[in-house]
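The values are calculated or read from the model by the stated rules, or taken from the named source; none is laboratory data. In this text the structure is predicted, and so the values were computed from the model without any measurement.
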Amino acid sequence: MFHRKLILAGKEPKTEPERLIKAEFAENKGRYGVRRIAASLRGKGHPVNHKVVQRIMKKLGLRQSMSRKGNCHDNAVMENFFGRLKVEMFYGEEKTFRNYEDFRKALEEYVLWYNQKRIKEYLQWKSPIQVLSTSATL
């Protein structure tokens, strides 16, 4: 979310979650906890959740780091996004989703719009895709 671009994780075959978790833990020198490792792996396209990561970390004997009380900054960007998602896409649409597939299609369309069309003051009135293409050419 550095450039405020979202990635939808699809249903892909599981790739050795133990190896992935061990590598992520080592890469971050043991400073990442369960939720951060899960978020990092999801960001890389691996479909995991924190419960699976927690169980595997316990099995491997990896001790999770504990965040200081009241440290919410690592979650702030996603909380902000979900607030925007509810306001811009969901409210008023509750009854139009007949099933999960309708909802998923609407969500995919929203994420596409969010990444490619929606401009943000934080990004100097550009979309995340525009910022990424500008930084790639530098």
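Some notes on this structure:
- Filtering region 75-125 to residues that are in a helix (DSSP H, G or I) and among the aromatic types (F, W, Y) leaves F81, F82, F90, Y100, F103, Y110, W113, Y114, Y122.
- Residue match in region 40-59 (condition: over 16 Å from the mean Cα position of the chain (by Cα) and modelled with pLDDT under 80): no
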